[in-house]
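S.K.: Following this message is one structure expressed as structure tokens.
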Amino acid sequence: MSTLSRRNLFGLTAGAVVTAGLSACAGSGGSSSGGNNGGGDSNTIEFWSNHPGKSKATEQKLIAEFEKANPNLKVKLVDAGKSYPDVAQKFNAALSGGSLPDVVIVSDTTWFNFALNDRLADMSALTSENKLSTDDYVKGLYDDYKYEDKHYALPYSRSTVIFYYNKDAWKKAGLPDRAPTSWDEFEQWAPKLQSAMGSGKKAIVLDDGSDYLDWTFQSIAWSYGGGYSKDWTPTMASEGTVKAATKIQGWAKKGWMQTSKDSQADFASGIGACAIESTGGLAGVIKDASFKVGIGFLPAPGGIKTVPTGGAGLAVPKGISAERQKNAVKFIEFMTNKDNTITFSQATGYLPVRTSAMDDAKEKAYLEKNPEYAVAVKQLPKARPQDNVRVFLPGGGIDIGTSLDKIIAGSDVKSTLEALDKALQAKYDSQIKPKLKK
């Protein structure tokens, strides 16, 4: 079996800047390329987005600039859902016979299934054909969309998980102004934080399994030497993952932790003293919080790499005309060029996706003035590829999140994770393995 070409962030430095699953048949509907080329207008680029990081106004601004620079082209920005899975479901429906977009946002957990089912154009071929260079993209982020020597998206709203904390609560609890260096140290701090927060509030808030607990908990599992899988073999019931899951179950039992469908909003409203969330929410949290927000590295004892990348890229459907694909890749290159990735990053908190961005004088000045935004970039050397069963199994993330919800509610940790391993293995055997090239 050929192995999936995985991401490689290990060579990144601070100076090189930088879910719900679909059904098993995602992306396998009838092609809509036919005679109508997916149903679009070659002079109008239809862009499907969920406006990550509340970025709709920023996207509209960049689109206006693109149209000004390309007066023969128009861009139609479509609200394709509130989340990445929403966009994927809409795209999947279009693949079964609807009108296809020219550009669609695809997340870390949605792109692979479409690529595996041959529903996305090869971006490395399109950029080459149109004489557009990809050399300036952060290599690790660009290669996140690589499979069998083809790239199926270009990086756009890219993020990592990062540690957020309430500096007022930290001060009241008598704690040093920094993130904990390990989750064991957090446990030592938790009683003080719980006392400082008072009744009805918690030491920590996390997303629940219906949101992104499967993404953020991955970091906690890695910090204890666990993980979700080794290559394609599920390892949810491994010693380290069981220990990590037992930890969060204990936090819930002791009343230190709350999970919710929007832990970012809960943290900003003061419900939790800390949270682990996407860098993409940084601008919103700082704006909405009534307290001073602290930003730190994820706990990483002993130098363990505990930082999962995430976010999304921009892709082009395979089933549209060559002319539409040409216009689409031109638009994507514009949206992600040096100046525009800086604009998008500063407006949201997502990472700049071009290496040249960090050499830009305005960006350097901005990061010096807003050091919270620089933390995510400095944390990148601690990043590592996500585990296959979360990002590449259809519905794998939801399966993991559902099991974690059960554990937090009190189910037996070991047996719940053993059952999850069996379910993930069965899903791989039936839905992925037969489609991988031999």
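The values are calculated or read from the model by the stated rules, or taken from the named source; none is laboratory data. It should be emphasised that the depicted structure is a prediction, and the values quoted were computed from it without experimental measurement. Cβ: placed from backbone, ideal geometry, glycine included. Neighbour counts: every protein chain shown. Only protein heavy atoms, including side chains, enter the accessible area calculation; ligands, DNA and RNA are left aside. Shrake-Rupley method; radii C 1.70, N 1.55, O 1.52, S 1.80 Å.
S.K.: What FRET efficiency do you get for LYS56 and ASP149 if R0 is 51 Å and r is their Cβ-Cβ distance, rounded to the nearest 0.05?
M.R.: Computed FRET efficiency for LYS56 and ASP149: 0.90.
S.K.: Could you give the radius of gyration (one decimal) and Dmax (whole number) of the Cα atoms in the range 362-421, in Å?
M.R.: 18.4, 53
S.K.: Can you tell me what percent of all Cα-Cα pairs in the chain are more than 30 Å apart?
M.R.: Of all Cα-Cα pairs in the chain, 42 percent lie more than 30 Å apart.
S.K.: Looking at this model, which pairs from LYS192/LYS406; LYS54/LYS427; LYS338/LYS378; LYS61/LYS362; LYS172/LYS287 are more than 29 angstrom apart at the alpha-carbon?
M.R.: LYS54/LYS427
S.K.: How big is the Cα convex hull of the range 317-438 in projection, averaged over all directions, in nm²?
M.R.: 12.3
S.K.: Taking 0.36 nm per residue of sequence separation and subtracting the Cα-Cα distance, how much length would be gained by fully extending the chain between LYS433 and ASP86, in nm to one decimal?
M.R.: Gain in length upon complete extension: 122.3 nm.
S.K.: Which percent, to the nearest 5, of DSSP beta bridges fully inside the chain are antiparallel?
M.R.: 60
S.K.: Note down the Stokes-Einstein diffusion coefficient of the range 242-300 in µm²/s, whole number, using a Kirkwood radius over alpha carbon pairs, 10 °C, and 1.306 mPa s.
M.R.: 125
S.K.: Now for a separate question. Is it possible to state the helix-based mean residue ellipticity at 222 nm for the chain, with each DSSP H run of 4+ residues giving -39500 (n - 2.57), the sum divided by total residues, to the nearest 500 deg cm²/dmol? What is it?
M.R.: -12000 deg cm²/dmol
S.K.: Using Cα pairs under 8 angstrom and six or more residues apart, how large is the relative contact order of the range 91-218, in percent?
M.R.: Normalised by residue count, the contact order of the range 91-218 is 15 percent.
S.K.: Just to be sure I understand: of the beta bridges DSSP finds with both ends in the range 166-324, what percent are antiparallel, rounded to 5?
M.R.: 35
S.K.: Equivalent ellipsoid semi-axes for the range 156-211, as square roots of 5 times the alpha carbon gyration tensor eigenvalues: give them largest first, rounded to whole Å.
M.R.: Largest first, the range 156-211 gives 22, 15, 11 Å.
S.K.: Separate question: Ordering THR355, THR233 from largest to smallest accessible area (1.4 angstrom probe), what's the sequence?
M.R.: If we order THR355, THR233 from most to least accessible, we get THR233, THR355.
S.K.: Between LYS230 and ASP412, how high is the FRET efficiency from 1/(1 + (r/R0)^6) when r is the Cβ-Cβ distance and R₀ = 25 Å? Nearest 0.05.
M.R.: According to the calculation, E is roughly 0.60.
S.K.: Place a +1 charge on the Cβ of each Lys and Arg in the chain and a -1 charge on the Cβ of each Asp and Glu, then give the dipole magnitude about the Cα centre in debye, rounded to the nearest 20.
M.R.: Result for the chain is approximately 440 debye, rounded to the nearest 20.
S.K.: Relative contact order for the range 342-426: what percent, with Cα pairs under 8 Å and sequence separation of 6 or more?
M.R.: 16
S.K.: Let me ask another. Among 340-351, 95-106, how do they line up by average Cβ neighbours within 10 Å per residue, starting with the highest?
M.R.: Final packing ranking: 340-351, 95-106.
S.K.: Using the crude model of +1 on Lys and Arg Cβ and -1 on Asp and Glu Cβ, and no other charge, please compute the dipole size for the range 281-438 relative to its Cα centre, in debye to 20.
M.R.: 500
S.K.: Treat the range 253-370 as a sphere of radius equal to its Kirkwood radius over Cα pairs and apply Stokes-Einstein at 20 °C in a medium of 1.002 mPa s; give the translational diffusion coefficient in µm²/s, rounded to a whole number.
M.R.: The Stokes-Einstein estimate is 124 µm²/s.
S.K.: Which lysines, on any chain, are close to LYS433 with Cα under 22 Å apart, when same-chain ones fewer than 8 places away are left out?
M.R.: Within reach: LYS146, LYS150, LYS230, LYS422.
S.K.: Take the Cα atoms of the range 113-223, build their convex hull, and give its volume per residue in Å³.
M.R.: About 160 Å³ per residue, rounded to a whole number.
S.K.: Net charge within 12 Å of ARG324 by Cβ-Cβ distance, Lys/Arg positive one each and Asp/Glu negative one each, not counting ARG324 itself?
M.R.: After counting each charged neighbour, the total is -1.
S.K.: Can you check how the C-alpha radius of gyration of the range 159-307 compares to 2.2 N^0.38 Å, as a plain ratio?
M.R.: 0.99
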